[in-house]
Amino acid sequence: MKTFLNNQQINNITVNDHQNLSSMNTTDTNQNPVDVKQLTDEQRKDLMAQLAAEEKAARDQKKKDKQAFKQLQNEFLDKNIDQLICLQNSLEDHVKNLFKDYQPVLDLKKMIFGENIEAQESHTMTSEDGSRSICIGHNVNIAFDGTESAGIQKIKDFLVTLSSDYENAQKLSKAVNVLLKPNGKTGMLNPARIIQLAQMKDDFKSELFNEGVEIIQSAQHKVKSTMYVSGHKIVDKDGIPKKVTFRFTIE
């Protein structure tokens, strides 16, 4: 026989002090947030302590994760760095030997086409059928011999003559100074910007400006930097011809 409680009996149910409210499986208790204002001082103290403990645990875990990350990085480095150094050393030796092997070819090339051939930045050898090719050479940087400072001064002197039109002079000076700004690492002018500067000669139509640009351009010279080997070969892969390319650069 089932027994049903009426509304009066339900309203008369009391909760003892030692009863755990969280153990009551009611929808309102699970969904409604805790009202801090309704907590006692001791309950607030316990809640703050719990939050502080959770924050500390999160900080400690993050610290452990960072330590584990650093350790994993070091393990990766220790495992692989020596192999890469060996590969680099082997690659450098191989590229240098390629340049030595090419010297007899270069000597004959000079005899046929003239001494200026040696001044070329690269040399390419390709088979008659085009199935394989090797190019050896040097990467080239543009440097300045120091005389460019005289050209820069002439351009600045020219900018002073534009003072009659102050607003335009300010704009032009700013633009030109940007083009004349040296590289932060090398301390040298940017060759690409010098090209832009030279394109302004027709705009200014000034002999002083033109002289300055020409001095800067004359101060430029090429400097060989890194050595490289590149090329390709057509190989057979599962009955299908495939072009395999390569490029290696060394200091």
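So the values come out like this:
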| quantity | calculated |
| --- | --- |
| Residue within segment 142-153 that is open to solvent by less than 30 Å² (accessible area, probe 1.4 Å) and under 30 Å from Val95 (Cβ atoms) present | yes |
| Of residues in segment 198-251 being of a type in the set (Ser, Thr, Tyr) and under 19 Å from Ile142 (Cα atoms), the one farthest from the chain's Cα centre (by Cα) | Ser218 |
| Inter-residue pairs, beta-carbon under 6 Å, first within 14 Å of Gly151 (Cβ to Cβ) and at pLDDT 80 or above and in segment 168-195, second aliphatic (A, V, I, L, M) and open to solvent by 40 Å² or more (accessible area, probe 1.4 Å), 6+ apart | Pro182/Met188; Pro191/Ile142 |
| In segment 50-87, residue least open to solvent (accessible area, probe 1.4 Å) [restricted to those that are of a type in the set (Lys, Arg) and closer than 30 Å to Val36 by Cα] | Lys56 |
| Residue under evaluation Gly137, criteria (1) surrounded by fewer than 13 Cβ atoms within 10 Å (Cβ to Cβ); (2) part of a strand (DSSP E or B), criterion not met | (1) |
| Qualifying residue in segment 162-174 (condition: in a helix (DSSP H, G or I), touching a strand residue (DSSP E or B) at 6+ places or on another chain (Cβ under 9 Å) and not hydrophobic (A, V, I, L, M, F, W, C)) | no |
| Criterion (loosely packed, with under 12 Cβ neighbours inside 10 Å and either closer than 22 Å to Val213 by Cα or of a type in the set (S, T, N, Q) (or both)) met by exactly one of Ser127, Ser122 | Ser127 |
| Qualifying residue in segment 202-224 (condition: open to solvent by 50 Å² or more (accessible area, probe 1.4 Å), free of Cβ contacts under 8 Å to residues at least 40 places away in the same chain, in a strand (DSSP E or B) and of a type in the set (Lys, Arg)) | no |
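The values are calculated or read from the model by the stated rules, or taken from the named source; none is laboratory data. The shown structure was predicted, so the numbers you read here are calculated from the model rather than taken from an experiment. Ideal geometry is used to build each Cβ from the backbone, glycine not excepted, and the neighbour counts take in all protein chains shown. Note: accessible area is taken over every heavy atom of the protein model, side chains too, but ligands, DNA and RNA are not part of it. Shrake-Rupley method; radii C 1.70, N 1.55, O 1.52, S 1.80 Å.
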